[in-house]
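Read-outs throughout are calculated quantities, based only on the coordinates presented, and are distinct from any laboratory measurement. No experiment lies behind these values; they were computed from the predicted model shown. Quick reminder, even Gly has a Cβ in these numbers, built from the backbone with ideal geometry, and neighbours come from all protein chains shown.
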Amino acid sequence: MTTGTPPPTAPKRSRARTFVPLGIAAWLVLEIWLLTVVASATSGLLVVLLLVGGLLLGGYVIKRAGHRAFRNLTETFKEQQSGAAPTAAKGGGEGNALTMLGGLLLIIPGFVSDALGLLCLLPPVRKTVTRFAERSLDKRMRAAGGGALGDAFQQARIHYPDGKVVPGEVIREDGSSAYPPRDDRGPRPPLVP
C-alpha cells in the first residue's frame with residue numbers, strides 16, 4: 001500500500017561529526033610530536049617529570065575547585081532553608097567550571113593540553129570566556145522565544161520531515177481493541193524492581 005509520501009532521505013552528516021574526529025586526531029599527532037621533540041632536545045626523564053607534575057597540579061586544581069563548588073552549594077542550601085534571599089555569586093565562587101576544565105586539561109598528558117589548562121586557570125581568561133558564554137546563551141534563549149516546555153517539543157517536531165502525529169487506536173480484525181480494558185483496582189506495582 002502506498003501513501004504518496006516520498007521515502008525518507010538519509011540525514012546529512014553535520015560538520016561537527018566530520019571535523020571533530022579530524023581535529024582530535026590532529027591534536028593527538030601534535031601532542032605526540034611535541035613530546036618527542038622535547039624529549040630529544042632535553043631528556044626523557046624531564047618529559048616524564050613534566051607530565052607527572054601536570055598530573056599532580058591538575059588533580060590539585062580539580063580537588064580545590066570541587067571543594068569550593070561544594071561549599072558554595074551548601075551555603076546556598078543553608079540560605080534557602082533560613083528563608084533568606086539567595087545572594088549573588090560569591091567573589092571566589094565563580095569560574096569553577098573553567099577551573100575544573102583547566103585541571104582536566106592539565107591531567108591529560110601533553111604540552112598543548114597543559115598550556116590550554118594553564119590558560120583556563122588565569123582569571124582574565126576565565127572572566128572573558130564566562131562573559132562570552134553568558135552572552136551566547138542569552139542570545140540563543142532570546143531567539144528561542146518564550147513558552148512552555150511542550151512548545152519546544154512541538155517546534156522540534158515540526159522541523160522533521162514527515163513528522164506528523166496522527167492520534168488513533170489500533171483495532172483488531174475481530175473488532176476488539178489492541179489493549180484490553182484496565183480495571184482500576186488501585187495502584188499497580190512498578191514495572192522495574
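What distance in nm separates the two pseudo spin-label positions at Met141 and Leu116, each 7 Å out from Cα along the beta-carbon direction?
Between Met141 and Leu116, the simple spin-label model gives 2.7 nm.
Provide the gained length on full extension for the span Ala133 to Thr76, in nm with one decimal, where the gain is 0.36 nm per separating residue minus the Cα-Cα distance.
Length difference between fully extended and current span is 18.2 nm.
So if we plug the beta-carbon distance of Val29 and Val125 into 1/(1 + (r/R0)^6) with R0 = 30 Å, what FRET efficiency do we get, rounded to 0.05?
Once rounded, the FRET efficiency stands at 0.70.
For the peptides 95-106, 72-83, what is the packing order when you average, over each peptide's residues, the other Cβ atoms within 10 Å and list the highest mean first?
Values: 95-106: 20.8, 72-83: 10.9.
Top of the packing list down: 95-106, 72-83.
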